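The values are calculated or read from the model by the stated rules, or taken from the named source; none is laboratory data. Since the structure is predicted, the reported quantities are computational estimates derived from the model, not experimental observations. For neighbour counting, all protein chains shown are included, and Cβ atoms are generated from backbone atoms with ideal geometry for every residue, glycine included. For the accessible areas, the whole protein counts, side chains as well, though only heavy atoms, and no ligand, DNA or RNA atoms are used. Shrake-Rupley method; radii C 1.70, N 1.55, O 1.52, S 1.80 Å.
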Amino acid sequence: MRNLGLIIPLLLAIFGLPAVAVSESIKVREKLAEAAISSEEKQIQILESLIESGDPFIAKVLIAWRRGELFLIEHEGSTIPVLLENADSKEPVKAFALKNGKVLNGKSGKKLTFVPSQQKAAETTRNLRAQIKKTTDLLAILNPNPKLRAEAAFKLGSQGKPEYLTALKNRETVEDNPKVLKKIKEGMAISQLRIGDEKQRIQAAVNLGELRCIASLDSLERIIREQEKLTKGEKNIDLIRETSKAIKIIEVHKDWVNKGQTVFRGINYGAVLLIVSLGLAITFGLMGIINMAHGEMIAVGGYSAYLMQKWMTGFFGPEALQWYFLLAIPFAFLAAATVGLLVERSVIRFLYRRPLESLLATWGVSMILQQCFRLYFGAANVQVNSPDWLIGSVSVGDMSFNYNRLFVIAFAAVIVLGTGLLMSKTSLGLSIRAVMQNRDMAASMGIRTSRIRMVTFAFGSGLAGLAGCFLSQIDNVGPEVGSKYIIDSFMVVVTGGVGNLLGTITAALGIGTADRMLEAWSDSPVVGKVLVLSAIIIFLQARPGGLFAANSRSLD
Amino acid sequence: MSKPQEFILTIENVNKSFEGFKAISDLNFYMDKGELRTIIGPNGAGKSTFLDLITGKIKTDTGKILFGNEDHDLTKLREYQINRLGIARKFQTPSVYEDHTVFDNIMLSLPESRGVFSSIFFRLDSEAKDRITEILKTIRLKDMETVIAGALSHGQKQWLEIGMLLAQQPKLLLVDEPAAGMSDDETKRTGELLLSLEEKHSIIVIEHDMEFVRQIARKVTVLHQGKVIKEGSMDSIQSDPTVAEVYLGRKHSTAA
Amino acid sequence: MQLTASRLLMSHLIALAVFALVTLALVPLIYSSGGIANHDIQRYGKYLCWAALAVSLNLLWGYTGLLCLGQCVFFGLGGYAFGMYLMLNVGVDQVYKTALPDFMDFLGYTELPAHWKPFESFGFAVGAVIWVPGVMALIFGFLAFRSRITGVYFAIMTQALTYVAWILFLRNEFTFGGNNGFTDFKKILGANLYSHPHTSTNGKELLFFILSALLLIVTILLMIALTRTRFGKIQRAIRDSENRVRFSGYCTENFKLFIFTLAAIIAGIAGALWLPQAGGINGDVFLPRESLWVVVWVAVGGRGTIWGPVIGAILISALKSWAQREYENTWIIILGGVFLIIVLFLPGGISSLGKKLLGWIRICRSRTENFITNRKKKVDPNGDGEETLQ
């Protein structure tokens, strides 16, 4: 069911259906059209009768009505209620008859158009507006989308109206979605807590506790506050006791949910760290180049995503926003790899025997590249949009996981897996490992070491480019998008143990989780960061070679 | 096990492994004061690890290493402390201060003023100068004392490093492959040099070159897979079938 | 071409004497005759402080092989320590009309935090300029050297250190002015810090220039003296072969710790003298790139030489301030390019340029000679001077 929520907007977006969808039931349409031109009394009667149909189209029309966007047009001698294609338009637009959803045609069969602001809108009285609200509220718990239904159920309950409570009770008997059922129960309990008799209220508090309903904390606390104001004789001791108990249970639960969310955010941040440090794990970890230009390779990836977006939307229009990113990924990799290749050939290949000078040279490269970005793209951030399918979230229990965060983790898993496979299963990976471990030996085995190092550096840079492409979805792309992460990346690689992919993964996830947990604990992102960095410094006391340092015999 | 007083070095039940690989296993080794001991063994027998353990470069997993009359436990000391007890080590690849002159190389190895502050206010007196000259003569580098050490030949660097050890006035000299990369003539002279030191110092020499070992050998210890498999005179070693199998046998067949 | 030790010493001392003459006599003379504007002498003074900072890094990197990517931590700490004194002497003539520094009023403080109080004393602040960076270096160095963090690791750990300092000092809660830092200094020991031409108040611009010059002269003297002692030789021996030093009975950790602390103290004093001439300080002094610039000065000037870092610091800073004006957008690219070329082709820095030129001339000459002789002999000219090409 969860997928529907994702697919429907996607389909809508792809086929570009107009907002006014075609209703299945003509009967409903006819009733609505009748209501639009009836008296108030009749209108309320019709609306009341419409509730049980459960058609979400009704709510759509009613909302338009309340907003004054249901128009009454004099056409061929009769008054026809219509919805306009775009009620905000200043230009003449097409009209759809409410009765049958068809476009209004003139005598010659030509489509008629109307300027919205010049048309007469169907009026609403105070009573009607109340009825519209009631109808839409009650319709909401019949909505076919379980997510909206669950939301509506709780909202209905918290309004504390007897007729809503009845509606919820009715729905409870037929609802088969467990998530929605839970929400309905919560809604009923919270409703009873407000409007029930003393006994019902106590039962409601117990129920809310059992349901671990975080959203009811406010209501429960309000009960306690109200009771405290009462004189001793008026106080309901049982209610206070049960409410306090429920609050305690819910708070423990809330604490766990928060912890879970923190861990998730930690893993998510760890995945970000992993993505940004993976390239460095290759160029620094494997090749021993203190690559200060790593951040600029990330920026190359970020700007690649931006360029791809610009070109694709320029060519295919705004729909390209939904898919340009899939093209941006390989493009970012190739662009950064190319820059890496050039840097390796022009600078780094002279410095393999001078690691500390590779730091200086790559910093020079980083300065130059950063300024080039500034000159070409401007010092300000550029706008890179996310496709719609990365917006939104999925919830498990009381925890919700954003799609783009889940995407981060999946992305990290894919590129780590890919890199791991490349290193361990291909002959290129074998050559790379051979050259990095003992260049002279590899050379005498017939491996072209110079070429291998060139490819390795380009590959590491390409990974940095992927990181940048991906960062463009969660961060702003600017000249310094990558250099922000450079120290974090170095810390990850050093903590993991230089030249060890598994160490990099562990370190990234460990540092990410620790960072977010300390941040949650200390309530300050800075304290969290400082503590993590201090912890790393102290950790390196115990294991100067990092987590997975090779403990080998050295030759002297 | 009790230890008679005359041992300068006592190694008992020492173990050391790297990532599961046992480099030294249950090693026992005793050495008399004033002895010149040669240690041989095939590649990977744990010879260099053996020296690393004595000098504190790596720490033992288990076992004890005792030094001198006072029974200093070397496993608990750091490299410089072990050196200050009188254990000097020559590395396999010559390790000299390439940026300093030959004279300074020896001067820096003198045992006085090795603290941070005393080294700032250290002044070279004539007695120390004489000592340096003496050593330079012994290692035949007197004419080259103002030359930067980096400019020396490989053999000269080996000699310079031996000179640096001598300057430290050690009780025990650990010499790792002194003949490596030397010409035959140089090798022979190195052997003579070591023999001339025999009385004043205790010396452990690790060597591959069998010609050289024959020249200097008194008592020989054979290491194999981190264990002592045989100890005795060169003749008894050469006639031993186990040794021949693990080491000399192969060596003989290739040499022949 | 080998200079003997005593001739080298003489040339260093002569250079130092010339330098002292220029900075302590010539510049003050021109300044008092109105030939140098106040902001210019402040700029020169800043260059001298940066030169001292570069020398302190050279002590670490050039002579001991410890590349510190966080030397500005100590520079900044010295600056902040002295800045606390200056902030408390701004007086009440400010926006909030209290004796507290403005940023504290802004953050709602009603009285001075306890750790600020001792800085009302000039003596304490001057002491803190020395011991705060010193203790910081002592603690960090102790931890780093004890676990044998060297080379690349040391570089990265020191970079992390400056990063931590940066994020801390940018926070308001850290009580050091956050983003705005310290600025608007007015008085020192009751005297006016800066000249005001229209009110004809005399400031202390020249004094701070002279103090900066003195700091640099003393630091260089210290370098010259130190490199000649057994200590200085051990330092270079650690750089080239630390194991050999260790196995010669030296506790190299202690040596490195001493040098690291000494370098931190020099950097701290440089930072303190720099502050009044710069007019303000904020957390950005701890940005990792600031410390990288110091590395650039030393690398460009020539590490492991007495004068290289001084030349590098002054030259690059002057070049930077000129290029920033002339080529607003491309100066960083130009500077980065120059820097790259030096790292790639002149690893010894500008100081080695003379030697290198001589070497090239000799190679060219021997090549032409070889070429001529080879021509005469009609022999395949293989292997002539190849090894000097690299």
> Can you give me the Cα centroid spacing of segment A:57-94 and segment A:493-551 in angstrom?
Replying inline: 61 Å
> By how many degrees, between 0 and 90 and to the nearest 10, does the Cα long axis of helix C:151-169 differ from the longest principal axis of chain C?
Replying inline: 20 degrees
> Looking at chain B, what % of its DSSP beta bridges pair antiparallel, to the nearest 5?
Replying inline: 55 percent
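Taking a ≥ b ≥ c as the square roots of the eigenvalues of the Cα gyration tensor of segment B:1-102, is the shape rounded (a/c under 1.5), prolate (a/b larger than b/c) or oblate?
Details: a/c = 1.61, a/b = 1.17, b/c = 1.37.
Oblate.
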> Name the residues of segment A:476-520 whose accessible area falls by at least 50 Å² when all protein chains are present instead of the chain alone, probe 1.4 Å?
Replying inline: A:ILE487
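Within 10 Å, count the other beta carbons around each residue, average over each peptide in A:44-52, B:160-168, A:120-128, and list them highest first.
Values: A:44-52: 16.4, B:160-168: 24.0, A:120-128: 14.4.
For the peptides A:44-52, B:160-168, A:120-128, the packing ranking is B:160-168, A:44-52, A:120-128.
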>> Just to compare against my own numbers: the Cα pair-distance distribution for segment C:1-66, 10 Å bins, whole % per bin, please.
In response: 18, 31, 33, 16, 3
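Per residue, what accessible area does chain C have, given a 1.4 Å probe and all protein chains present, in Å²? All intermediate terms of the calculation are to be shown ahead of the outcome.
Details: 17180 Å² over 390 residues.
Each residue of chain C exposes 44 Å² on average to a 1.4 Å probe.
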>> Residues of segment B:83-112 that become at least 50 Å² less accessible with every protein chain present than in their own chain isolated, using 1.4 Å: which are they?
In response: B:PHE91, B:TYR97, B:ASP99, B:HIS100, B:LEU108
> In Å², what does the accessible area per residue of segment B:4-248 work out to with a 1.4 Å probe?
Replying inline: 41 Å²
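Roughly how compact is chain A, stated as its Cα Rg over 2.2 N^0.38 Å to two decimals? Each step should come with its number before you reach the end.
Working: Rg = 31.5 Å, N = 556, 2.2 N^0.38 = 24.3 Å.
Ratio of Rg to 2.2 N^0.38 Å for chain A: 1.30.
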> Which residues of segment A:330-370 end up with at least 40 Å² less accessible area in the presence of all protein chains than when their chain stands alone, using a 1.4 Å probe?
Replying inline: A:ARG354, A:LEU356, A:GLU357, A:LEU359, A:LEU360, A:TRP363, A:MET367, A:ILE368
> segment A:319-379 to segment C:168-243: how many Å between their Cα centroids?
Replying inline: 37 Å
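Work out the mean other chain Cβ neighbour count within 10 Å for the residues of C:334-343 and drop it here as an integer.
On the way: counts 2, 4, 11, 4, 1, 7, 10, 2, 3, 12.
Partner Cβ neighbours, averaged per residue: 6.
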>> If I fit a long axis through the Cα atoms of helix A:355-377 and take the longest principal axis of the Cα atoms of chain A, what angle between them do I get, 0 to 90°, rounded to 10?
In response: 40 degrees
> Taking Cα atoms of chain B, Rg/Rh with Kirkwood Rh, to two decimals?
Replying inline: 0.97
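Averaged over peptide C:156-163, how many Cβ atoms belonging to another chain are found within 10 Å of each residue's Cβ?
Numbers: counts 9, 7, 0, 7, 10, 3, 1, 8.
Mean partner-chain Cβ count within 10 Å for C:156-163: 6.
Can you give the Kirkwood hydrodynamic radius of segment A:141-235 from its Cα pairs, in Å with one decimal? Walk me through the numbers on the way to the answer.
Numbers: mean 1/r = 0.0738 Å⁻¹.
That comes to 13.6 Å for segment A:141-235.
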>> Could you tell me how far the Cα centroid of segment B:11-53 sits from the Cα centroid of segment B:83-158, in Å?
In response: 28 Å
>> Quick check for me: using +1 on Lys/Arg Cβ and -1 on Asp/Glu Cβ, what's the dipole size of the protein assembly as shown about its Cα centre, in debye to the nearest 20?
In response: 1200 debye
> Using a 1.4 Å probe on protein heavy atoms only, how many Å² of accessible area do C and A hide from each other, summed over both chains and rounded to 100?
Replying inline: 3700 Å²
>> Probe radius 1.4 Å, ligands and nucleic acids left out: can you give me the accessible area buried at the B-C interface, summed over both chains, in Å² to the nearest hundred?
In response: 2600 Å²
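Average partner chain C-beta neighbours within 10 Å, per residue of C:59-72? Present the calculation step by step, with values, prior to reporting the outcome.
Details: counts 0, 0, 1, 0, 0, 0, 1, 0, 6, 0, 5, 0, 0, 0.
Per-residue shielding by partner chains comes out at 1.
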> On a 0 to 90 degree scale, rounded to 10, what angle separates helix B:184-197 from the longest Cα axis of chain B?
Replying inline: 80 degrees
> Could you give the Stokes-Einstein D for the protein assembly as shown in µm² per second, using the C-alpha Kirkwood radius, 4 °C, 1.567 mPa s?
Replying inline: 35 µm²/s
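With the cut-off at 1.5 for a/c, could you classify chain C from its C-alpha gyration tensor as rounded, prolate or oblate? Please report the intermediate quantities before stating the final value.
Working: a/c = 2.17, a/b = 1.68, b/c = 1.29.
Note, shape of chain C comes out prolate.
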> Normalised by the number of residues in chain A, what is the relative contact order in percent for Cα pairs under 8 Å and 6+ residues apart?
Replying inline: 14 percent
>> At 1.4 Å probe size, with the rest of the protein present, what percent of the exposed accessible area of the protein assembly as shown is carbon and sulfur atoms?
In response: 58 percent
>> Show me the ranking of peptides C:153-159, C:174-180, B:16-22 by mean Cβ neighbours inside 10 Å, starting with the highest.
In response: C:153-159, C:174-180, B:16-22
> On average, how much accessible surface per residue is there in segment A:141-235, in Å², for a 1.4 Å probe, leaving out ligands, DNA and RNA?
Replying inline: 54 Å²
